Amino acid sequence: MSDRTCNGGVGLMKSTVRTVGAGQVVGLRERAPGHAVIHALCAGPGSIRSRGRLARFFGVRPLSKDGYRWYRGALGEIAVGRLLSRLDSDWVVLHAVPVGRGDADIDHVVVGPAGVFTVNTKNHSGKRVWVAGHTFMVSGLRQDHIRNADFEGRRAAKLLGKALGFPVQVRPLIVVLDPQRLTVKERPVGVDVVEARRLVRSLTKRPAVLGPEAVVQIASVIGEPTTWGHQPDDAADLDRRAQFDALQATIRAATAVRLVWVFALVAVIGWAAVLAGPELFRLLTMAITRLLGGSV
């Protein structure tokens, strides 16, 4: 992520990075995309699991079910953050903005000529997404994305209005990353659903509603934790990107191992189809399916 988008390009945001022990604690303005979910993944109990020799041999990834969910979420936010870095210096972008005293955060807050936006990233890569009004379906399963995004936008508007002393209009966006298909039959009221690859164009093609002075004024408060009712915490604010990068390299290596096994098992199935009888072939196929299901 470029310094321009993290620092907003407005010259108002001073760095608050400091060293604690062996790591760096970053302020709200320096948070990288996915900061909060990376923290949940790397610091959460049970998210990352140790692997024995056999598990490594078969390419089992070192993540629990919840850990894999955090991991995919982090990849989605990083990808959308990379897209937002293409915005020019008229825009201000903050990532993983913590709200309140709990673990809630806004994936991205964007301020520019077209207004103020909260961006909720959804990594539904390879899945069918269907939207009609306030109904949001992913692979046939209903999700609460629209309700949650609407609440997020309203809360952000309330907090920003309180910090600035005047009403602030905030438009919530749901950004869907790499879906197999995104179908919007009816646009939701108050929330925009955008495919990630169209995000920057969607923002820059909107009519201007804020002048440069208004952008600077809003930018002066969005990077303050007090604006969001958040109390800084050294553990949660620790920059864990190096740890995440190492984990990602391990997962990629495990994926490569699993692919080798897949190709080998496909060859075995082909050999069995030629040489084995129908019943043995069926049993072999079932055993291979179970093996892959347990290691993927």
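Each value in this text was obtained by applying a stated rule to the coordinates, not by laboratory testing. These numbers were taken from a predicted model, which means no experiment stands behind them. Here the Cβ is made from the backbone with ideal geometry for all residues, glycine too, and neighbour counts use every protein chain on show.
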Pop out the ³J(HN,Hα) list for region 127-138 in order, Karplus 6.51 cos²θ - 1.76 cosθ + 1.60 with θ = phi - 60°, rounded to Hz; leave Gly and Pro as x. 10, 7, 10, 10, 10, 8, x, 9, 9, 10, 10, 10
Read phi for every residue in region 88-94 and hand back ³J(HN,Hα) as whole Hz from Karplus 6.51 cos²θ - 1.76 cosθ + 1.60, θ = phi - 60°, with x for Gly and Pro. 7, 6, 6, 10, 10, 10, 10
For K162, which lysines qualify as cross-link partners when the Cα separation must be under 26 Å and same-chain residues fewer than eight apart are set aside? K14
Summed residue charge, Cβ within 10 Å of V168's Cβ, Lys/Arg positive, Asp/Glu negative: +2
Ordered by packing density, taken as the mean number of other Cβ atoms within 10 Å over each peptide's residues, highest first, how do 223-231, 68-76 rank? 68-76, 223-231
In order over region 244-250: 3J(HN,Hα) from phi, Karplus 6.51/-1.76/1.60, θ = phi - 60°, whole Hz, x for each Gly or Pro, gives 5, 4, 5, 4, 4, 5, 5
If the cut-off is 14 Å between C-alpha atoms, which aspartates and glutamates fall inside it for K158, apart from same-chain ones fewer than 8 positions away? D150
Sorted peptide list for 77-84, 210-217, criterion being average Cβ within 10 angstrom, highest first: 77-84, 210-217
